[in-house]
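Before any comments, here is the structure.
The values are calculated or read from the model by the stated rules, or taken from the named source; none is laboratory data. Since the model is a prediction, treat every value here as computed from it, not as a measurement. Here the Cβ positions follow ideal geometry from the backbone for every residue, glycine too, while neighbour counts run over all protein chains shown. For the accessible areas, the whole protein counts, side chains as well, though only heavy atoms, and no ligand, DNA or RNA atoms are used. Shrake-Rupley method; radii C 1.70, N 1.55, O 1.52, S 1.80 Å.
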There are 2 protein chains.
Amino acid sequence: MPPRPCCDALSTWLEPGTLRALGDPSRATILLRLAGADGPQTVGQLAAGLPVDMSVVSRHLKVLRDVGVVTAERRGREIRHRLDCADLVHMLRNLADALEACCELAPAAPVPLAATTGTTPTTREDPA
Amino acid sequence: MPPRPCCDALSTWLEPGTLRALGDPSRATILLRLAGADGPQTVGQLAAGLPVDMSVVSRHLKVLRDVGVVTAERRGREIRHRLDCADLVHMLRNLADALEACCELAPAAPVPLAATTGTTPTTREDPA
DNA sequence: GACATCCTTGCGTCTCCATGCAAGTTTCAC
DNA sequence: GTGAAACTTGCATGGAGACGCAAGGATGTC
């Protein structure tokens, strides 16, 4: 089978490393706290609200830094962490686009007639 | 700290289970093959091009079905698998939007004016 | 019915990783 | 210098999961 353009894009943007980093519940909680905080957070601040040791939080933050989702800046004794969403948002949107393109090209059943895949099933709905 | 709207959305769309399912290299390969194929693929077809046992592919497909990324349809002896991107694309886009909103609200540097690092900020209503 | 094909599941193994504790490193205060 | 605070890292442990093999359904063919 010839390679498809959508497949190239998909292989580019489907990054198991980044997705796995986001796929851990503890790291997801840390991301949520970083997102909900009023500014950069220290390791101690993040660990204070979590039921795990500070060393665990430190290691999770390293994983998140390694995939570029979090950046850190030394400030005296403290190290202030903040979300760095730009690359991640870019990746997620490109991944979504690539998936959508692939699914539009490969419908469920082999199209028997000129059945256009007209309905774009992008149900936009957000929580309250 | 008070919850922010973007944080609510983020906690809604940051699904560790789905992200973890996508975060395995073998499963990513399976997804790529499903995306690049010309139509629904059987377990045997998918396993044929992978260096793992068919039972492994079968289990990976079950994981992908459980998170709604892949659907299966029995066809005689065979079970035809295909990508089911709609929900995943929806999730990825909402996750990207939520992340972007959070990062716009929490810039790198803390707010200079009248924002002492105390418990001052109570639910700043965001423009977005 | 018997048999083959396609796939799933039970089981044992092995690797990875999340975690906690303790020790080490870096920075600031004195 | 000494000491404290804020993190990081080394080490051990427990659990989850990825894998292969073999046995067990499910379905079609004869």
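Could you tell me which numbered condition A:THR71 fails, if it satisfies all but one of (1) surrounded by fewer than 19 Cβ atoms within 10 Å (Cβ to Cβ); (2) in contact (Cβ under 8 Å) with a residue 12 or more places away in the chain; (3) more than 16 Å from DNA strand C (Cβ to nearest atom); (4) in a helix (DSSP H, G or I)? Unmet condition: (4).
Taking (1) open to solvent by 20 Å² or more (accessible area, probe 1.4 Å); (2) part of a helix (DSSP H, G or I) in turn, A:LEU50 satisfies each apart from (2). Within the range B:49-82, the set of residues being away from DNA strand D (no atom under 12 Å from the Cβ) and at pLDDT 95 or above comprises B:ARG65, B:GLY68, B:VAL69, B:VAL70, B:THR71, B:ALA72, B:ARG80, B:HIS81, B:ARG82. Got at least one residue in the range A:15-32 being over 26 Å from A:LEU99 (Cα atoms), open to solvent by less than 30 Å² (accessible area, probe 1.4 Å) and touching a Leu at 6+ places or on another chain (Cβ under 9 Å)? Yes - at least one qualifying residue is present in the range A:15-32. Of all residues in the range A:55-100, exactly one satisfies the criterion of being among the aliphatic types (A, V, I, L, M), touching a Ser or Thr at 6+ places or on another chain (Cβ under 7 Å) and closer than 19 Å to A:ASP38 by Cβ, namely A:ILE79.
Can you say whether B:LEU46 is hydrophobic (A, V, I, L, M, F, W, C), at pLDDT 95 or above and either under 13 Å from the mean Cα position of the chain (by Cα) or away from DNA strand D (no atom under 13 Å from the Cβ) (or both), as far as the supplied structure shows? Against the criterion (hydrophobic (A, V, I, L, M, F, W, C), at pLDDT 95 or above and either under 13 Å from the mean Cα position of the chain (by Cα) or away from DNA strand D (no atom under 13 Å from the Cβ) (or both)), B:LEU46 does not qualify.
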